[in-house]
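> For reference, the structure I am asking about is given below.
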Amino acid sequence: MQENLTWNEFMRVDMRVGTIIEVNDFPKAKRPAYQLIIDFGYEIGVRKSSAQITKRYQKEDLVNRQVIAVVNFPKKQIANFMSECLVIGAVGDKGEDDVVLLQPDFKIQNGLKIG
């Protein structure tokens, strides 16, 4: 475990619920990944993310799935794609390629804040 955060540091991380509305292959990524298009509702809108989740998830299983993502990180260029948020997942025993997405138990409103 790393050093503890302060409450104020944690509150700066803006995690929101979003629904994946489109999934595309990402052949130019160094490691197998998908390009995700995620709807975070009216306030935030639609954002893009690159996710290395191809081992556990098929594209068709991801569409309409709600996920949790950090929406206030700076944009990050990944090959020819600009990632605008960071989808959150638990890393499994097999390392970075073994990611399980975090999601709400029930369908809820896009854009709701996690905290």
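Only the coordinates and a few stated rules stand behind these numbers; no lab work does. Since we're looking at a predicted model, the values are computed, not measured.
> Stretched out fully, how many nm does the piece from K107 to Q58 gain, at 0.36 nm a residue minus the Cα gap?
15.6 nm
> Could you state the principal axis extents of the C-alpha atoms in the stretch 15-107, from the largest down, to the nearest angstrom?
33, 30, 23 Å, listed from the longest principal axis down.
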